[in-house]
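The values are calculated or read from the model by the stated rules, or taken from the named source; none is laboratory data. Predicted model only: the values in this text are computed from it and were never measured. Note that each Cβ is placed from the backbone with ideal geometry, even for glycine, and that neighbours are counted across all protein chains shown.
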Amino acid sequence: MEYNMTQWGFKIQRYFYFSEAEIRNILITIILLSSLVGFDDGQAVFQWSFWLRNYINTLIVVALAVIVHLTVQRIWALKDGYRVDYNLGMVPMVLAIIFFFASGGKIWFLAMGGISFTMLETHRLGYFRYQVSVYEQSISALMGNIANIILAFIFIFFYRLWPSNPLIERAIWVNLAYAISNMAPIPPLDGTLVFMWKWKILYFMSWGWMIGIAVVLKLFFIFHFGGWTFFLLLLGSLVFAFLFNKGVGKIEQKFFT
């Protein structure tokens, strides 16, 4: 079925909105994640004014990551005739708190919930396999995380212009951590939807790629490699994704076959 961009625009205009329950869930997510990320301001001596400024900056960065993530997922799902709703999940919320206390705030698990799909029947007419498609749900869920990775790359570009800017650096790590955390195969996170599709390589390669970006940045801190920064980052993360997928395949072959 040839897709009409006008129809997509109509769907966005008609169905792109957040319910009161979603707005409440989004606000809870932003506040809780900002508290986990911004609790430690990195100062040896506590200063209320500095901590508050750091927390507000963190709040803005986290809000941007969450809103971009959910917006892209919603727009992409509407293309295929679905409306998505954002719901909190108890398991990821507990995991986020456990990671925070167990690591002393050094390891961020930035995931609080996931999306559910509602089929817009009249907008699915004429589609091959009219029923709910696992593949389309997987791609919609994945696109939100890719949006966070793209946002992280944009901030990496800005970091090269304004090196050692703590706000930009935090924005990079928040977007990376948010994408990686949401790709975990834990209901109701996005990773569960991506993992459900039959081609598991999509899940492990994409998750491995996201983890690889964070690993390369953390280990080699390649912000200062000039024009080679993005090339080295992409190359290193793709190599890591390939090795990650191979490793998972060997584990699956050894213990589950």
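Please specify each residue of the stretch 90-118 satisfying the condition of being crowded, with 17+ Cβ neighbours inside 10 Å and not in a helix (DSSP H, G or I). Matches in the stretch 90-118: TRP108, PHE109, LEU110, ALA111, MET112, GLY113, GLY114, ILE115, PHE117. Annotation: THR257 fulfils all but one of (1) of a type in the set (S, T, N, Q); (2) in a helix (DSSP H, G or I); (3) modelled with pLDDT under 65; the unmet one is (2). If I ask for residues that are of a type in the set (Ser, Thr, Tyr) and either closer than 14 Å to HIS69 by Cβ or not assigned by TED's automatic domain parsing to the domain that holds VAL72 (or both), which ones from the stretch 167-202 would you list? Within the stretch 167-202, TYR178, SER181 qualify.
Of GLN137, GLN131, GLN73, all but one fail to be more than 18 Å from ARG170 (Cβ to Cβ), at pLDDT 95 or above and assigned by TED's automatic domain parsing to the domain that holds ASN182; the exception is GLN73. Considering each residue of the stretch 26-47 in turn, none proves to be under 25 Å from MET119 (Cβ atoms), in a helix (DSSP H, G or I) and in contact with a strand residue (DSSP E or B) (Cβ under 6 Å, 6 or more places away or on another chain).
Take the stretch 71-89 and flag every residue that is over 18 Å from the mean Cα position of the chain (by Cα) and either surrounded by fewer than 17 Cβ atoms within 10 Å (Cβ to Cβ) or not in a helix (DSSP H, G or I) (or both). Answer for the stretch 71-89, where residues must be over 18 Å from the mean Cα position of the chain (by Cα) and either surrounded by fewer than 17 Cβ atoms within 10 Å (Cβ to Cβ) or not in a helix (DSSP H, G or I) (or both): ASP80, GLY81, TYR82, ARG83.
Answer with yes or no whether ARG14 is at pLDDT below 85, in a helix (DSSP H, G or I) and surrounded by fewer than 16 Cβ atoms within 10 Å (Cβ to Cβ). Judged against the criteria, ARG14 is a match.
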